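Student: Dropping a structure here in structure tokens format, bear with me for questions.
The values are calculated or read from the model by the stated rules, or taken from the named source; none is laboratory data. Only a predicted model underlies this, so the values are computations on that prediction, with no experimental measurement involved. We place every Cβ from the backbone using ideal geometry, glycine too, and count neighbours over all the protein chains shown.
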Amino acid sequence: MALGGIAWIVVAALVGAAIGGALGATRSCESGGCPLTASPGRGAIMGALLGVMAALAAGVGGGSCPFGGSPGPASPPPGEHASTLPALTPETFSATVANGVVLVDFWASWCGPCQRQLPILETLAPSVADRFAIAKVNVDEQEALAKEYGISRLPTLVFFRDGKPVQTLIGLHDADALLKAFADLPSPATP
């Protein structure tokens, strides 16, 4: 599990411990055997455990899949085709984004919104090939690239122009939103 997921678990444990400790401070348990209200210490421990369990049950952050988010299937369900988008590595990344405009999808196999974004990009790619290219980076396999570009939420879509990132989109986007984002890109700098 990556740092983002661990951070969510720690936050959940701290919040649970604070709530449990506050409940324990009430000492409302007559017998002393109640795990949350017998004492502040027991309440904090039980609250932290409940907080961790709640975080794990919620997918450790949910939403746009922070690293360490809710694991899904490791590979596409049977019958789905392999992606047609080029998968970038540290060796191919710079050359791919060096010229023109390239939209790079930073994704992971366990991220639900990433799995829904991929078919949108594959459908869009042929119709925009004369304006911009589309490629992808699996953040689990290419951690160095994800770190280099500060990727912490998934999916993250980054438009590069002549090797430099010029616009970042976070979350699931339909084809129309991506076309609008391309149209709204800042004009290239003139030398």
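Student: Looking at (1) surrounded by 14 or more Cβ atoms within 10 Å (Cβ to Cβ); (2) closer than 30 Å to residue 146 by Cβ; (3) modelled with pLDDT under 80, which is the only condition residue 103 fails?
Tutor: Unmet for residue 103, out of (1) surrounded by 14 or more Cβ atoms within 10 Å (Cβ to Cβ); (2) closer than 30 Å to residue 146 by Cβ; (3) modelled with pLDDT under 80: (3).
Student: Of everything in segment 182-191 that's of a type in the set (Gly, Ala, Ser) and assigned to a loop (DSSP other than H, G, I, E, B), which residue is farthest from residue 127 (Cα to Cα)?
Tutor: Ranking the candidates gives 189 first.
Student: Which of (1) surrounded by fewer than 18 Cβ atoms within 10 Å (Cβ to Cβ); (2) of a type outside the set (Phe, Trp, Tyr); (3) at pLDDT below 70 is the odd one out, the single condition residue 26 does not satisfy?
Tutor: Evaluating residue 26 over (1) surrounded by fewer than 18 Cβ atoms within 10 Å (Cβ to Cβ); (2) of a type outside the set (Phe, Trp, Tyr); (3) at pLDDT below 70 leaves (3) as the failure.
Student: Mind checking whether some residue in segment 148-171 is farther than 13 Å from residue 101 by Cα, in contact with a Pro (Cβ under 6 Å, 6 or more places away or on another chain) and of a type in the set (A, V, I, L, M, F, W, C)?
Tutor: no
Student: Identify, by number, the condition in (1) under 23 Å from residue 83 (Cα atoms); (2) in contact with a helix residue (DSSP H, G or I) (Cβ under 7 Å, 6 or more places away or on another chain) that residue 176 doesn't meet.
Tutor: (2)
Student: Against the condition modelled with pLDDT under 95 and within 22 Å of the chain's Cα centre (by Cα), how does residue 150 come out, does it pass?
Tutor: The answer is no for residue 150.
Student: Determine if segment 163-176 includes at least one residue that is out of contact with any strand residue (DSSP E or B) (no Cβ under 9 Å at 6 or more places or on another chain) and basic (Lys, Arg).
Tutor: yes
Student: Take residue 93 and tell me if it is over 18 Å from the mean Cα position of the chain (by Cα) and buried (at least 19 other Cβ atoms within 10 Å of the Cβ).
Tutor: Considered against the rule, which asks whether it is over 18 Å from the mean Cα position of the chain (by Cα) and buried (at least 19 other Cβ atoms within 10 Å of the Cβ), residue 93 comes out as yes.
Student: If we keep just the residues of segment 116-128 that are of a type in the set (A, V, I, L, M, F, W, C) and within 18 Å of the chain's Cα centre (by Cα), which is surrounded by the most Cβ atoms within 10 Å (Cβ to Cβ)?
Tutor: 121
Student: Now for a different question. Looking at segment 147-181, which of its residues are under 20 Å from residue 116 (Cβ atoms), in contact (Cβ under 8 Å) with a residue 60 or more places away in the chain and outside any loop (DSSP other than H, G, I, E, B)?
Tutor: The answer is 153, 170, 178.
Student: Name the residue, out of 164, 136, 147, 180, that is in contact with an Asp or Glu (Cβ under 6 Å, 6 or more places away or on another chain) and not hydrophobic (A, V, I, L, M, F, W, C).
Tutor: The unique qualifying residue is 136.
Student: Right, next: Looking at this structure, is residue 131 assigned to a loop (DSSP other than H, G, I, E, B), surrounded by fewer than 16 Cβ atoms within 10 Å (Cβ to Cβ) and of a type in the set (Lys, Arg)?
Tutor: Spelling it out, residue 131 is indeed assigned to a loop (DSSP other than H, G, I, E, B), surrounded by fewer than 16 Cβ atoms within 10 Å (Cβ to Cβ) and of a type in the set (Lys, Arg).
Student: Take the conditions out of contact with any helix residue (DSSP H, G or I) (no Cβ under 9 Å at 6 or more places or on another chain) and of a type outside the set (D, E, K, R) and apply them to residue 128. Does it pass? Reasoning before the result, please.
Tutor: Working: out of contact with any helix residue (DSSP H, G or I) (no Cβ under 9 Å at 6 or more places or on another chain): no; of a type outside the set (D, E, K, R): yes.
Answer is no for this residue.
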